[in-house]
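Report on the following structure.
The values are calculated or read from the model by the stated rules, or taken from the named source; none is laboratory data. Model, not experiment: these values are computed from the prediction. Positions of Cβ are backbone-derived with ideal geometry, glycine not excepted, and every protein chain shown enters the neighbour counts. Please note that ligands, DNA and RNA were not included when accessible areas were found on the heavy atoms of the full protein model with its side chains. Shrake-Rupley method; radii C 1.70, N 1.55, O 1.52, S 1.80 Å.
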Amino acid sequence: MKLQVICILVFSLVCSAAVQAKELTVMISGGFMAAWKTLAPRFEAQQGYKIHTISGPSMGNTPQAIPSRLARGEKADVVIMVGEALEGLETQGWIQAGSRVELADSVIGAVIKKGATAVSIKNADELRRALLNATSIAYSDSASGRYISSQLFSRLGIERQVKHKAYKVERIPVASLVAEGKYSIGFQQVSELLPVKGVAFIGELPDNMQYVTRFAGAVVSQSVHGDASRQLLAYLASPGVQQAVQATGLHSVANQHANKPSDIAQ
């Protein structure tokens, strides 16, 4: 009887270890989330891994932000986030050297509440007019919002005029608050705007006012599942999944060694 109990315990421990070895924890920010919701289940089905997803902003001071989560000891195998913020984690030693993989480029767009009077932002003049006419403006607390607040308004020459009616939205999708009527126009990466119901997408920023954010992934330095993590990142960057990536409003990365455009306004 005692031998049977021991055998059962050993078998349970072996099974538990096997299951644990097949689990990956991924921290991911919103810009790549729509693509992730499509691709993660496919990877699980193909490779037999169980993926635990933790969402949070790439930057900022909220407890949900990925740097904050890692700093307080939350465990992860992979992070997928804004490339600029990922560079910060690399500098701090949170990322395994050489594990970074470029995943997608994201551009900024705008939404208004569904049913509201149509607005056009096809060129700089129309964008300026839309912002001046808006009763309130919302932008995110991540890379796109930092560009909107620190560069776009001044480039359009309207920083003083919109200062009193422009608001930073922390942690939650900007479009969700526009849908509720709290703000008349909202700006964020297109991939984060498109999934939200109750808003009308009015387009990307004009080319000469655009800001491109690179999304990239990397293996966390403390991960014990390095091979599986690298396999996941290679899958997300593979040619076979690019149609799904592009369907969410993201742009594919043509070359893994191309310049990272996280600080480039085009």
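Annotations
- Estimated D of region 181-241 in µm² per second, where Rh is the Kirkwood radius over Cα pairs and Stokes-Einstein applies at 25 °C, 0.890 mPa s: 161
- Percent of alpha-carbon pairs separated by more than 14 Å within region 134-195: 52
- Simple label model, 7 Å out from Cα along Cβ direction - Ile54 to Ala118, nm: 4.6
- Cβ charges +1 (Lys, Arg) and -1 (Asp, Glu), total dipole of the chain, debye: 620
- Tensor-based shape of region 88-132 (alpha-carbon gyration tensor, a/c under 1.5 rounded, otherwise prolate or oblate): prolate
- Counting every C-alpha pair in region 63-198, the share spaced more than 26 angstrom apart comes to 32%.
- R0 of 30 Å, Cβ-Cβ distance Ser238-Glu90: FRET efficiency to nearest 0.05: 0.85
- Estimated 222 nm signal from helices in the chain, with DSSP H stretches of n ≥ 4 weighted -39500 (n - 2.57), rounded to 500: -10000 deg cm²/dmol
- Whole-percent carbon and sulfur share, accessible surface of region 152-236, 1.4 Å: 48
- Put simply, the amide H of Tyr167, placed in the peptide plane, has neighbours under 5 Å in Ile137, Ala138, Tyr139, leaving out anything fewer than 5 places away on its chain.
- Surface accessible to a 1.4 Å probe, per residue, for the residues of region 73-185, Å²: 46
- Label of the coordinate-derived value, mean projected area of the Cα convex hull in nm², listed as [x] 16.8; [y] 18.4; [z] 14.1: [x]
- Computed from the alpha carbon atoms alone, the convex hull of region 22-84 holds 77 Å³ per residue.
- Listed by chain and number, the aspartates and glutamates whose alpha-carbon sits under 15 Å from that of Lys168, ignoring those within fewer than 8 places in the same chain, are Asp141, Glu159.
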